[in-house]
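What follows is calculated from the coordinates using simple rules that are stated; it is not laboratory data. As the structure is a computational prediction, the values presented were derived from the model and not from experiment. Glycine also receives a Cβ, built like all others from the backbone with ideal geometry; neighbour counts cover every protein chain displayed.
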Amino acid sequence: MREGENTLRAESTAAFRARKGLSEGLLERQAARESNARTYPRSIPIAVSRARGPYVWDADGRRYLDCLSGAGTLALGHNHPVVVEAIREVLDRGGPLHTLDLATPVKDRFVEELFGSLPRRFAERARIHFCGPAGADAVEAAVKLAKTATGRETVLSFSGGYHGMTHGALSLTGKLAPKEPLAGLMPGVHFLPYPYGYRCPFGVGGEDGWRVGARYVERLLDDPESGVKRPAAMVLEVVQGEGGSIPAPDGWVREMRRITRERGIPLIVDEIQTGLGRTGTVWAFERPGIEPDAVVMSKAIGGSLPLAAVVYDAALDVWEPGAHTGTFRGNQLAMAAGAATVRHVLKNRLHEHAARMGELLLERLREVQREAGCVGEVRGRGLMVGVEVVDPEAGPDPLGSRPARPDLARRVQAEALRRGLILETGGRHGAVVRLLPPLIIAEEEAEEICALFGEAVLAASRGAR
Ligand SMILES: Cc1ncc(COP(=O)(O)O)c(C=O)c1O
């Protein structure tokens, strides 16, 4: 029995909250009852009870600027009026809420809006498959589709990539900690170096670094003794999210497209975090101007509610009816909220706004970098921004990068939270502080985020000395 369990059983929720203060009470009760695998409440110990736009309020009424945004889900922030209205409309007219994958007018509207957001040539040839409502299930579906269509079994993925926590998706994920206790993950996954300039896998950096990486991939695929069987697919993020907000150079993405196309290898682009405007274009693959064979999407497309899909070239559509099923593939409220979100992003060109706000954040955070020795790199694209926290005392390696300081990154996160700013950490060793504000943030809010961030970095550095 865990500590405190007896007390929790004996006492009513109301009495417990009154004794503890609302937030603290909720946190303690939920920590005692929830799984040890829970994550965010450990580093963001607040109980969220109300939310609007880029703000949330805890159960004690304290306001926070939310740069976690449901891990990049909330394109329009919390409870945007167009989202609330779309949900209300389905409820008020008695529309069905659960429909498996049956035809509905709401689904039709959603697909129409979603295809309208994709580049025309891709959309004209596209098919959509609705998946179980998590990004990881869309990744599973895309890999099964590519394996079925090619008859091959191996898959190429990238170091630092994040594709989810189900067995197949986790196999494609770089992070080792959640894989280590598990035997028997999906076999046949080969990891390739991602163009992470600050810690270049080849120790080269810059354009030379990513060009070496592209050459390596090409040579590997053509080497009859590489040990890598002809792959069913390559899976990549155009901007790595959980891997530490690392944008891939456009030229490298184009090289991956050329190399896979010339060899008949389907390219699956994971847009689960980047999709729908976050990186400054509606879809991240539009910036390098490539056409993927399949795109996996979730998060923002559900307009705050759970929804996931894979959209792919009809030439791959050779799997059998029932090849990837699931009970919850027709969430009508999510489709209504998603359609409203897609429409609102496009109508208001929020991707362009995200690009402008992202530039502002990078500029201001680089000012913080100049003041604080513990900021190794500030990088990002659009509103997917990362600050890599390093040891200011340690000497730089030949490329100028210093050792990661995850403890200091966590301290920055904690100091920011004390000041009313919610941030995420991720990246290698968990030393990248990540900012994923909603696309609707105003300039003043972006300035406030940076001011609070700057204070948090200075406070954390003082405490670390
Ligand atoms: C790029 C990417 N792929 C896949 C996933 C997994 O999505 P989910 O957590 O909904 O399963 C995530 C989640 O953060 C992600 O960022």
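The figures follow:
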{"read-out": "Lys179, Lys347 arranged by Cβ crowding within 10 Å, fewest neighbours leading", "value": "Lys347, Lys179"}
{"read-out": "DSSP bridge orientation in region 81-347 - percent antiparallel, rounded to nearest 5", "value": "45"}
{"read-out": "Cβ-placed point charges (K, R +1; D, E -1), dipole of region 81-347 about Cα centre in debye, nearest 20", "value": "120"}
{"read-out": "Local net charge near Ile272, Cβ-Cβ under 14 Å (Lys/Arg +1, Asp/Glu -1)", "value": "-4"}
{"read-out": "Along each principal axis, Cα extent of the chain, largest first, Å", "value": "65, 64, 49"}
{"read-out": "5 angstrom amide H check on Arg50, placed H, neighbours 5+ away", "value": "Trp57"}
{"read-out": "Radius, Kirkwood style, for region 81-347 when every pair of distinct Cα atoms is counted (Å)", "value": "19.0"}
{"read-out": "Packing-based exposure ordering (other Cβ within 10 Å, fewest first) of Ser35, Ser245, Ser226, Ser159", "value": "Ser35, Ser226, Ser159, Ser245"}
{"read-out": "Mean separation of Cα contacts under 8 Å (6+ apart) over length of the chain, as relative contact order %", "value": "20"}
{"read-out": "Per-residue ³J(HN,Hα) for region 383-395, Karplus 6.51 cos²θ - 1.76 cosθ + 1.60, θ = phi - 60°, Hz, x for Gly and Pro", "value": "9, 10, 10, x, 10, 8, 9, 10, 7, x, 7, 7, x"}
{"read-out": "Ranked Thr154, Thr327, Thr260, criterion: other C-beta atoms within 10 Å, fewest first", "value": "Thr327, Thr154, Thr260"}
{"read-out": "Karplus-derived HN-Hα couplings along region 74-82 (A = 6.51, B = -1.76, C = 1.60, θ = phi - 60°), whole Hz, x at Gly and Pro", "value": "8, 4, 9, x, 7, 6, 4, x, 5"}
{"read-out": "The chain: calculated mean residue ellipticity at 222 nm from DSSP helix runs of at least 4, using -39500 (n - 2.57)", "value": "-12500 deg cm²/dmol"}
{"read-out": "Dipole magnitude of region 240-302, debye to nearest 20 (Cβ charges: Lys/Arg +1, Asp/Glu -1, about Cα centre)", "value": "60"}
{"read-out": "Local electrostatic count at Glu218 - Lys and Arg +1, Asp and Glu -1, tallied over other residues with Cβ under 11 Å", "value": "+1"}
{"read-out": "C-alpha center-to-center spacing [region 66-86, region 204-237] in angstrom", "value": "38"}
{"read-out": "For Pro247, net neighbour charge (Lys/Arg +1, Asp/Glu -1) across residues whose Cβ lies under 11 Å away", "value": "+1"}
{"read-out": "Members of Lys107/Lys175; Lys147/Lys299; Lys144/Lys347 lying beyond 29 Å, as alpha-carbon distances in this model show", "value": "Lys107/Lys175; Lys144/Lys347"}
{"read-out": "DSSP loop GluC sites (Glu not before Pro) with at most 12 other Cβ within 10 Å: longest gap in the chain", "value": "35-224"}
{"read-out": "Potential extension, Asn79-Glu447 segment - 0.36 nm per residue separation minus Cα distance", "value": "130.2 nm"}
{"read-out": "For region 214-227, Karplus couplings with θ = phi - 60° (6.51, -1.76, 1.60), whole Hz, Gly/Pro x", "value": "5, 4, 4, 4, 5, 4, 4, 6, 9, 8, x, 10, 6, x"}
{"read-out": "Approximate spin-label separation Glu455-Asp223, in nm, with each point projected 7 Å along Cα-to-Cβ", "value": "5.4"}
{"read-out": "Contact order normalised by residue count of region 81-347, Cα under 8 Å, 6+ apart, percent", "value": "31"}
{"read-out": "Kirkwood hydrodynamic radius over Cα pairs of region 379-426, then Stokes diffusion coefficient at 25 °C and 0.890 mPa s, in µm²/s", "value": "203"}
{"read-out": "At most 16 other Cβ within 10 Å, DSSP loop - chymotrypsin sites (Phe, Trp or Tyr not before Pro), region 168-204", "value": "Phe202"}
{"read-out": "Cβ charges +1 (Lys, Arg) and -1 (Asp, Glu), total dipole of region 406-465, debye", "value": "520"}
{"read-out": "Amide H contacts under 5 Å for Thr173, placed H, 5+ residues apart", "value": "His163"}
{"read-out": "Length released on extending from Asp317 to Arg38, taking residue separation times 0.36 nm less the Cα-Cα span", "value": "96.7 nm"}
{"read-out": "FRET E, pair His98, Arg127, Förster distance 25 Å, beta-carbon r, rounded to 0.05", "value": "0.60"}
{"read-out": "For Thr154, distant residues with modelled amide H under 5 Å away", "value": "Ala232"}
{"read-out": "Which of Ala47, Val310, Gly380, positive extreme of dipole for the chain (C-beta unit charges)", "value": "Ala47"}
